[in-house]
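Input: a single structure, listed below in structure tokens.
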Amino acid sequence: MLARSVLLQLANSKQLESFVRRNRWSARAARRFVAGETIEEAMPAVASLNAQGITVSLDLLGESVRNEEQVAATLDTYLRLFQTIHEQDLNANVSIKLTALGLDINEDLCYRNMVRLLTAAGEAQFVRIDMESSEYTQRTLDLFERLWEGPENFRNVGVVIQSYLRRSADDIERLIAMRARVRLCKGAYKEPDTVAFPDKADVDASFVRLMKRLLSDGNYPGIATHDEKMIDATIAHARAENIPSDRFEFQMLYGIRRDLQVKLVKDGWRMRVYTPFGTYWYPYLMRRLAERPANLMFVLKNMLKG
């Protein structure tokens, strides 16, 4: 638990980020978890996953953007990404953080950018709004609801709920009532005990409760976990309640438990792999290392090679 806390704190260290980005071995190791720095570099990874019967959710890395030019560049990249997915006939959708589209600058700016993005996506593309730290939870859900219930009535958009937040049970009930599509994950940010469960057992218990609600009454939820106990609980609930495999999908991260991803597909379950790309990979990498000690050992071994 201490190692996780330290790694999450280091995710915000500009000095360490500078060192890691300059170190060619750590940069190479990061490619296990990040598909590339550009759209063109990421597409072979998407095609490879599709060939294994795995769908993809593409995410351009970057958050907490306070520069309008950078926000415009992010929007342009996603618009080009839609076109590339269509041209290459890939089975993929996209994920995006609202702070990458200007939420920290101006909420109306972010809303206008999301309207433009969802309009361009149309019925052919689904857009998942990622959840960030707890300080953004309500703002994210408010903007999602504004898109869902506003004049455009967008239905090609979904959102993420984190089981480690104490508020998530209430949020899930509201989203189920809206018939919104939800990705359920545990959560990867360092949070105070007042808003998040500090103990893994409580986070896991919350995950199972929310998973059962979503599988039973939700709208095609994404069950995002690498924890085999959570996966087994999901499969057990689906079988006990006669919930077909096409009513939900498992979701995992690019480069993590690839063996398990393939096994679940072979066993007849749907699998989507969250596949990040872009130049802002350092904070993402640190959160992945914090989640699983095996990831840290993989990167350290690569840094010591040569």
Given the conditions (1) among the hydrophobic types (A, V, I, L, M, F, W, C); (2) outside any helix (DSSP H, G or I); (3) at pLDDT 95 or above, every one holds for Val34 apart from (3)
Looking only at the stretch 107-136, which residues are without any contact (Cβ under 8 Å) to a residue 40 or more places away in the chain and either acidic (Asp, Glu) or touching an Asp or Glu at 6+ places or on another chain (Cβ under 8 Å) (or both)?
-> Glu107, Asp108, Val115, Leu118, Thr119, Glu123, Glu135
Assess whether Ser168 counts as being under 17 Å from Ser216 (Cβ atoms), modelled with pLDDT of 95 or more, surrounded by 15 or more Cβ atoms within 10 Å (Cβ to Cβ) and under 18 Å from the mean Cα position of the chain (by Cα).
-> yes
Test result for Ile129, closer than 14 Å to Ser57 by Cα and surrounded by 20 or more Cβ atoms within 10 Å (Cβ to Cβ) | yes
Matching residues, the stretch 180-215, being among the hydroxyl-bearing types (Ser, Thr, Tyr) and either in contact with a helix residue (DSSP H, G or I) (Cβ under 8 Å, 6 or more places away or on another chain) or buried (at least 22 other Cβ atoms within 10 Å of the Cβ) (or both) | Tyr189, Ser206
Hey, any hits in the stretch 9-30 for a residue that's of a type in the set (Gly, Ala, Ser), part of a helix (DSSP H, G or I) and modelled with pLDDT of 95 or more?
-> no
When you go through (1) touching a helix residue (DSSP H, G or I) at 6+ places or on another chain (Cβ under 9 Å); (2) free of Cβ contacts under 8 Å to residues at least 40 places away in the same chain; (3) surrounded by fewer than 20 Cβ atoms within 10 Å (Cβ to Cβ) one by one for Asp104, which number turns out not to apply?
-> (2)
Return yes or no: is Leu90 closer than 27 Å to Leu260 by Cα, at pLDDT 70 or above, of a type outside the set (Val, Ile, Thr) and buried (at least 21 other Cβ atoms within 10 Å of the Cβ)?
-> no
Are any residues in the stretch 50-72 among the small types (Gly, Ala, Ser) and at pLDDT 95 or above, and if so, which ones?
-> Ala51, Gly53, Ser57, Ala72
Name the residues in the stretch 46-67 that are more than 17 Å from the chain's Cα centre (by Cα) and in contact (Cβ under 8 Å) with a residue 40 or more places away in the chain, would you?
-> Ala47, Asn50, Gln52, Gly53, Val65
Run down Arg116, Arg80 and say which single residue is surrounded by fewer than 14 Cβ atoms within 10 Å (Cβ to Cβ) and either more than 21 Å from Gly53 (Cβ to Cβ) or over 17 Å from the mean Cα position of the chain (by Cα) (or both).
-> Arg80
Being part of a helix (DSSP H, G or I), of a type in the set (Val, Ile, Thr) and within 30 Å of Gly268 (Cβ to Cβ) is the filter here, so list the residues in the stretch 45-83 that pass it.
-> Val46
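The values are calculated or read from the model by the stated rules, or taken from the named source; none is laboratory data. This structure is a prediction, so every number in the text was calculated from the model and none was measured. A quick note on method: Cβ atoms are made from the backbone with ideal geometry, for glycine too, and the neighbour counts reach across all protein chains shown.
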